[in-house]
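The values are calculated or read from the model by the stated rules, or taken from the named source; none is laboratory data. Note that this is a predicted model, so its numbers are computed, not measured. All Cβ positions, even for glycine, are placed from backbone atoms using ideal geometry, and neighbour counts span all protein chains on display.
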Amino acid sequence: MERWLIPLHDAASMRATDGWAISQRAVPSLELMEAAGRAVAEAALEVAHDGPARVVCGKGNNGGDGLVAARHLARAGVEVEALLLWPASELSADAKANLERFDGRVVELAEGEASARLEGSGVIIDAIFGTGFTGAPREPAAGTIEAVNATPAAVVAADIASGVDAATGAVEGAAVEAAVTVSFHAAKFGHWVAPGKAHRGELRVAPIGIPDGAPAAAPGGLIDDAVLELPPRRVAGSTKFTSGQVVIAGGSRGLTGSVCLAAGAAIRAGAGYATVAVPAALEPIFEAKLTEVMSRGCPDDAGHLDAGAAAAVLEATRRAAAVALGPGLGRFDGAPELVSEVAGGVEAPLVIDADGLNALIGRIELLRKRSAPTVLTPHAGELARLLDTESAAIGAQRLESAREAAGRSGSIVVLKGDDTIVAGPGGELAVNGVSSPGLATAGTGDVLTGVTAALLARCSDPFAATCVAVHAHARAGRIAAERLGATESVIASDVIDALPSGLAPGSRSEG
């Protein structure tokens, strides 16, 4: 795991880590469960209001965690009921052991009884399903989850909100809406990837006694501020060329702003030299709008690049350290051939965005032939078109969709969103942990394209460079909103202005 990634586990790696601690380091499983349940109880005490605590228990070890929590709450003087969704005889061995240790009230819920039993609760602990859960909850869990969500009491989830797939964040049916989630040992992908992210509430990570050195590596991580230390800094001997030359290719009538935003973001993110390769008829517009950026007019047709403009665009990229293709390109009949030829001929790292992505529908496998790194930066709609599916399907399986696109294209895929996912062709995974609603405005995707191109030009590791760009871009969006005092007032150029602060190493920015 890179030092700038905070490990995120999936069900398999967490299961292996637990197993290693128990079998190789001789940590009793009941001790792990005891620490987990105690942490849940502590969180419940903080958010509880008047009324009894109800602990809703499944039959696996997550239910055992809940029974430990019930015992600790009772010892703290709280009135507690443990509600079993399945008969006590079906509990796991460790859960049975903790049922025996709990001398409070235990109720085996009858069908349809959950709503009445939960009424008046001061706090509810969700201990139905743990990190091994996949799919959609079935009865009696599904109805109980809906009853939990219908109550006004704060809900504390043990490890992960029941109904959320810890490995992917997918939610296929009913899922608990937690106020607080206490994750055991480490965070999971389901805590940070939508739609599961929306069910977690406040996330707390509790150590439960697993020693350091577990051999089961986390399959990915949350991008940390430490990533901002990676880009090289300018020194006394630096020149505009050693700082990285970036070329932005695209632009069409009505969409000149996209190229300008990407180019402006590239130089603000540290590129020493930037050129836009744009339709010749529109070049005067770019000359007027861009002061610090060069322009190269390329053959055009009716306000967009000509289908035969590939040679001119490639000539413009000949000395580039990184290239961005697609901002403002427009959709025209020859766009697929133009993008394919340019992508195949660019020898530098390449970022493809916007209409560059639309031009690759049905042909992303062609990118596997490139010798230099490629980064694709789609939002859900664009990725849906690339994978020949619906946007809703991407939204439901964001992590798996990004992985699929990375594998099929041989590219680094940046699936944009509040939980932006960076998936590498070799299985690398990183998730943005900086919530930045201010980025929900036109043009901020073009800004990310420019920042990514600049970082690819400056850094030797393309996956790391892409993660720097994603993290800095999200930070800049948040900083812009803070400066303006209103998230809704943020525009793309504000994000460019905030990039110096977004790129500066500082305090942790998760949230």
- Given the residues PRO207, PRO195, which is the only one that is within 28 Å of GLU146 (Cβ to Cβ), touching a residue at least 60 places away in the same chain (Cβ under 8 Å) and either charged (D, E, K, R) or touching a helix residue (DSSP H, G or I) at 6+ places or on another chain (Cβ under 9 Å) (or both)? PRO195
- Please give the number of the condition SER501 fails out of (1) surrounded by fewer than 17 Cβ atoms within 10 Å (Cβ to Cβ); (2) out of contact with any helix residue (DSSP H, G or I) (no Cβ under 7 Å at 6 or more places or on another chain); (3) not in a loop (DSSP other than H, G, I, E, B). (2)
- Of all residues in the stretch 1-53, which are under 14 Å from ALA216 (Cα atoms), buried (at least 17 other Cβ atoms within 10 Å of the Cβ) and among the aliphatic types (A, V, I, L, M)? LEU8, ALA11, MET14, ALA21
- Residues (more than 16 Å from VAL247 (Cα to Cα) and part of a loop (DSSP other than H, G, I, E, B)) located in the stretch 279-301: PRO299
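So that you can scan it fast, the table gives a plain yes or no per residue for (1) crowded, with 18+ Cβ neighbours inside 10 Å; (2) touching a Ser or Thr at 6+ places or on another chain (Cβ under 9 Å); (3) of a type in the set (Phe, Trp, Tyr):
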| site | (1), (2), (3) |
| --- | --- |
| GLU337 | no, no, no |
| GLY345 | no, yes, no |
| ALA348 | yes, yes, no |
| VAL351 | yes, yes, no |
| ILE364 | yes, yes, no |
- ARG253 fails exactly one of the following numbered conditions: (1) surrounded by fewer than 16 Cβ atoms within 10 Å (Cβ to Cβ); (2) in the same structural domain as ALA492 (by TED's automatic domain parsing); (3) without any contact (Cβ under 8 Å) to a residue 40 or more places away in the chain. What is the number of that condition? (3)
- Message: Condition check: under 18 Å from LEU203 (Cβ atoms) and out of contact with any Leu (no Cβ under 8 Å at 6 or more places or on another chain). Does MET33 satisfy that?
- Response: no
- Message: I'd like the full set of residues that are of a type outside the set (A, V, I, L, M), within 21 Å of GLN397 (Cα to Cα) and in contact with a Lys or Arg (Cβ under 7 Å, 6 or more places away or on another chain), limited to the stretch 166-206.
- Response: GLY169, HIS191
- Of the residues ALA114, ALA147, ALA142, ALA153, which single one is within 32 Å of the chain's Cα centre (by Cα), surrounded by 19 or more Cβ atoms within 10 Å (Cβ to Cβ) and over 15 Å from ALA48 (Cα atoms)? ALA147
- Note on the structure: Within the stretch 110-128, residues within 21 Å of VAL47 (Cα to Cα) and not in a helix (DSSP H, G or I) come out as GLU119, GLY120, SER121, GLY122, VAL123, ILE124, ILE125, ASP126, ALA127, ILE128
- Those residues that are among the acidic types (Asp, Glu) and farther than 25 Å from LEU455 by Cβ, I need them from the stretch 374-398; list them, please. ASP388, GLU390
- Any residue in the stretch 310-326 that is assigned to a loop (DSSP other than H, G, I, E, B), in contact (Cβ under 8 Å) with a residue 40 or more places away in the chain, within 18 Å of LEU386 (Cβ to Cβ) and hydrophobic (A, V, I, L, M, F, W, C)? no
- Can you work out which of the residues in the stretch 167-210 that are under 18 Å from the mean Cα position of the chain (by Cα) and aromatic (Phe, Trp, Tyr) is nearest to TRP20 (Cα to Cα)? PHE189
- Query: Does any residue of the stretch 264-276 turn out to be of a type in the set (D, E, K, R), surrounded by fewer than 19 Cβ atoms within 10 Å (Cβ to Cβ) and either within 30 Å of the chain's Cα centre (by Cα) or more than 22 Å from ARG370 (Cα to Cα) (or both)?
  - Reply: no
- Task: Assess whether ASP461 counts as being surrounded by fewer than 24 Cβ atoms within 10 Å (Cβ to Cβ), under 17 Å from PRO232 (Cβ atoms) and at pLDDT 95 or above.
- Result: yes
- Task: Working only within the stretch 397-421, note down all residues that are out of contact with any Gly (no Cβ under 9 Å at 6 or more places or on another chain) and under 21 Å from ILE479 (Cβ atoms).
- Result: VAL414, ASP418, THR420
- Quickly run through the stretch 58-102 and pick out the residues that are within 26 Å of VAL27 (Cβ to Cβ) and not in a helix (DSSP H, G or I). GLY58, LYS59, GLY60, ALA76, ALA82, LEU91, SER92, PHE102
- Message: Suppose the filter is in a loop (DSSP other than H, G, I, E, B), in contact with a Pro (Cβ under 7 Å, 6 or more places away or on another chain), more than 20 Å from ALA70 (Cα to Cα) and not hydroxyl-bearing (Ser, Thr, Tyr); does GLY132 pass it?
- Response: no
- Exception for ALA97 within (1) closer than 25 Å to HIS49 by Cα; (2) more than 22 Å from the chain's Cα centre (by Cα) falls at (1)
- Can you name the number of the only condition in (1) in a strand (DSSP E or B); (2) crowded, with 16+ Cβ neighbours inside 10 Å; (3) β-branched (Val, Ile, Thr) that VAL107 fails? (2)
- Query: Residues of the stretch 295-330 being surrounded by fewer than 16 Cβ atoms within 10 Å (Cβ to Cβ) and closer than 21 Å to THR374 by Cα, which ones?
  - Reply: ALA311, GLU315, ARG318, ARG319
